[in-house]
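These notes are about the structure you will find just below.
Just so it is clear, none of the values below were taken in a lab; they were calculated from the coordinates. As the structure is a prediction and not an experimental result, all values here were calculated from the model. Every residue, glycine as well, gets a Cβ built from its backbone with ideal geometry; the counts of neighbours run over all protein chains shown.
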Amino acid sequence: MLPTLDELKEAFAFLDDWEDRYRYIMDLGAKLQPLDAEDRIDANLVHGCQSTVWVVLKRTRDAVDMTADSDSQLVKGLAAIVICALQGRTPKAIIDFDLDALFAELRLHEHLSPTRSNGLHGMVRQVRSRAAAIEANC
């Protein structure tokens, strides 16, 4: 089970060393539910990411359910951070949520390679785009 957003922030504040934070991020990725085979399609693939990443958003009653997977454990962990922040929110709340502020608070961009940062932004763009499509179909 993934932590809440507050628990995620507390863990980052507690871990002083970035090697420990990287391990924590990878552990988060290991906690993601397996992605169904039918969701491993091109439409769910995040483009612009160095690794292969799938992100799936599905409308539930009043919110959006998110799942993700990657061939990179670190990227899978970054996807888990996005899910921790956005899981269970409405499509509008997903669109409006300031993920850049969260990434700045966690100091992610300071410690990610430029290609990983670009991939993370690609993931965020795709999540917002999918949330907008869900919102438009309501």
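Report, in deg cm²/dmol and to the nearest 500, the calculated mean residue ellipticity at 222 nm for the chain, where each DSSP H run with n ≥ 4 adds -39500 (n - 2.57) and the sum is divided by the residue count.
Details: 7 runs with 78 residues, N = 138.
After summing the helix terms and dividing by residue count, I get -17000 deg cm²/dmol.
Springs between Cα atoms under 10 Å define the GNM used for the chain, and in it the highest mean-square fluctuation of Ile25, Ile94, Ile41 occurs at Ile41. The computed Cα Rg over 2.2 N^0.38 Å for the structure shown corresponds, within (i) 0.99; (ii) 1.25; (iii) 1.46, to (i).
By other beta-carbon atoms within 10 Å, ranking Asp69, Asp62 with the fewest at the front produces Asp62, Asp69. Packing order of peptides 27-38, 98-109, highest average first: 98-109, 27-38 (average count of other Cβ atoms within 10 Å over each peptide's residues).
Could you tally the net charge around Pro3, taking each other residue with its Cβ under 11 Å from the Cβ of Pro3, Lys/Arg +1 and Asp/Glu -1? It would help to have the intermediate numbers written out before the result.
Values: positive: Lys9, Lys31; negative: Asp6, Glu7, Glu10, Asp27.
So the surrounding residues net to -2.
Across segment 5-136, C-alpha contacts under 8 Å between residues 6 or more apart give a mean separation that, scaled by the residue count, equals a relative contact order of 28 percent. When only alpha carbons are used to place a centre, segment 69-92 and segment 36-63 end up 10 Å from one another.
Assuming charge only on the beta carbon of Lys and Arg (+1) and of Asp and Glu (-1), the dipole of segment 5-136 about its Cα centre is about 420 debye to the nearest 20.
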